[in-house]
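The values are calculated or read from the model by the stated rules, or taken from the named source; none is laboratory data. These numbers come from a predicted model, not from an experiment. All Cβ positions, even for glycine, are placed from backbone atoms using ideal geometry, and neighbour counts span all protein chains on display.
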Amino acid sequence: MNRKLSRTILLISVIAFFSFIGGVFVIKTTVLYFPIDNSIDSNLTNNEMNEVIFQNYTRKEVMNVQQDACCGHTDTTPPTIQINSPANNSFVLGGTTIDLKIFDDNPFYDYEAKQVLYRWGTDQSNTTLDSPHDVVISNDIGIYVLYVYAEDNDDNWGSAIFSFTVTLTYDPPTVEIIFPSVSNQTLTGMKLFSANVKDDNGILDVKIQIDIVVEDVRYPGRTYPMSYNKTTSYYDIYFNVSSLANGYHWFVVIATDLDGDQHTVTKEIDFTVIGGLEEIIGGDPPEWDPNLSVLPENVSKYIEEDNFLDYEAEVGDIYFKVVVFDEVGIAVVDFTVYALDDFDNSTGEYELSYARIELTRSLSQSGSDGDWLIYEYTWDSTSSLDNYYLCQFEIQDEDTITNRLIISIILKTNNVVDDQPTVDFGSPGFEVEILILALSSLVFIIPLIKRRYGNKNN
């Protein structure tokens, strides 16, 4: 009877084992729909793009992820999607080839993804992308968002989003100063400074800067925006030179165009002021009150505190408010947004000389709080590509030798929504659940068999 009992238990074990194998097969061949859990942030730096960042993992957990494609481990990491060229969030020419790099961590499939899909933001469906993974962008000028999806042989899906602006090749602006018309002209009172500024793509901004020369030393003066005059087709500004100190000055025109490969051109001419200030007004630089001001979160703070992944990117309208004071008076408050295409989010370093000016505005005072003056601006970030941006206030006072206060905020925008496709793959963990169920059944069945045969023996 014991032999019969052993055979019965062995038979049940075999049935449970094959039930497990059959359950796995059924689940793998049954279409189950789940959203993609694993995605790649297309705004990461080149170094960070070498590791997959999971939406539900912390950086510490990501660093602990090991090779899971062999030796009995379950493959849970999706393929990695990178871009070789051109850079993400860059300006490109029409017809440029987007060179993608897509690979998986599974050596049994030559580190290749099983399938790759892509679509542009305006497309209604995905398109299969074969190796080499190259996509050609449209010839039409505009902003384009590329969605890429990759699946490995264990049904793990990864995704990435890249943005590009298609532009044309343009020349730098040309600047011709109309007034003052000759070098070292003597001026007094109210004058109309004007310049003829042309560009083949469009002008973003034209400003003047009036410098002062003291004892042969040239000090940068205040900057003012010039307005486009439709009647004359010139950029001009009325300025009272009597508010300047008597002596030698430089009139500088600074013009920036709209090109993707942005150009800034300066042109200058000297002049002499009479009937102005007899002495140089000096004083302290402007001050600002951080407690009364309202500014977005600065990503640099998170990098310094080594918790970059806790930073939440800005979306939509971004509000700025600075509250400032100067004992002599505030002359100009400029707000400028620079696109930091080379920003390193591991160190916080960037090179401003290569940064593209996204927008620039000279702000008017919007209110006051006692002696403190309020300046406000709301930036619609949806009109720009997702990227890192330096948002900078330059506050200039009324001193003869202008003092400047710079307030800078580095932030990231994330207005692109990842509309991921519906894909089918087996729910992870079902195999384990079936095995547990099969083994649990033995716990109940074996005692019943023992009891039955035990009663017969008695």
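Residues of the range 192-223 that are surrounded by fewer than 18 Cβ atoms within 10 Å (Cβ to Cβ) and either assigned to a strand (DSSP E or B) or of a type in the set (Val, Ile, Thr) (or both): Leu192, Asn196, Lys198, Ile203, Gln209, Val213, Val214, Val217, Arg218, Tyr219.
Kindly indicate whether Lys301 is at pLDDT below 95 and either of a type in the set (Lys, Arg) or assigned to a strand (DSSP E or B) (or both). Break it down stepwise before answering.
Numbers: at pLDDT below 95: yes; either of a type in the set (Lys, Arg) or assigned to a strand (DSSP E or B) (or both): yes.
So Lys301 fits the description; yes.
Report yes if some residue within the range 130-145 is more than 30 Å from Asp199 (Cα to Cα), modelled with pLDDT under 90, exposed (fewer than 13 other Cβ atoms within 10 Å of the Cβ) and of a type in the set (Gly, Ala, Ser); otherwise report no. Yes; the residues of the range 130-145 include at least one that is more than 30 Å from Asp199 (Cα to Cα), modelled with pLDDT under 90, exposed (fewer than 13 other Cβ atoms within 10 Å of the Cβ) and of a type in the set (Gly, Ala, Ser).
Of all residues in the range 176-191, those satisfying the criterion of being part of a loop (DSSP other than H, G, I, E, B) and either closer than 18 Å to Tyr234 by Cβ or not assigned by TED's automatic domain parsing to the domain that holds Tyr235 (or both) are Pro180, Ser181, Val182. If the condition is being of a type in the set (Val, Ile, Thr) and either over 17 Å from Glu358 (Cβ atoms) or touching a residue at least 60 places away in the same chain (Cβ under 8 Å) (or both), then the range 195-219 contributes Val197, Ile208, Ile210, Ile212, Val213, Val214, Val217.
Residue pairs whose Cβ atoms lie under 8 Å apart, separated by 6 or more positions or on different chains, with the first residue in the range 381-395 and in the same structural domain as Tyr338 (by TED's automatic domain parsing) and the second surrounded by fewer than 19 Cβ atoms within 10 Å (Cβ to Cβ) and among the basic types (Lys, Arg), are Glu394/Arg404; Ile395/Arg404. Determine whether Val206 is hydrophobic (A, V, I, L, M, F, W, C), out of contact with any helix residue (DSSP H, G or I) (no Cβ under 8 Å at 6 or more places or on another chain), under 29 Å from Phe393 (Cα atoms) and not assigned by TED's automatic domain parsing to the domain that holds Leu359. Here the answer is yes, as Val206 does meet what is asked.
Taken together, the residues in the range 372-403 that are modelled with pLDDT under 95 and farther than 30 Å from Tyr354 by Cβ amount to 3.
Within the range 74-133, being touching a helix residue (DSSP H, G or I) at 6+ places or on another chain (Cβ under 8 Å) and farther than 27 Å from Gly260 by Cβ holds for one residue alone: Thr80. Looking at Asp257, Asp261, Asp205, just one residue is more than 20 Å from Phe335 (Cα to Cα) and acidic (Asp, Glu), and that residue is Asp261. Restricting Ser427, Ser364 to those that are at pLDDT below 95 and either outside the structural domain of Asn126 (by TED's automatic domain parsing) or over 30 Å from Ala150 (Cα atoms) (or both) reduces the list to Ser427. Of the residues making up the range 250-269, not a single one is over 30 Å from Leu359 (Cα atoms) and not in a loop (DSSP other than H, G, I, E, B).
If you check Tyr147 against the conditions, is it in a strand (DSSP E or B), in contact (Cβ under 8 Å) with a residue 60 or more places away in the chain, within 23 Å of Thr77 (Cα to Cα) and not charged (D, E, K, R)? Criteria met by Tyr147.
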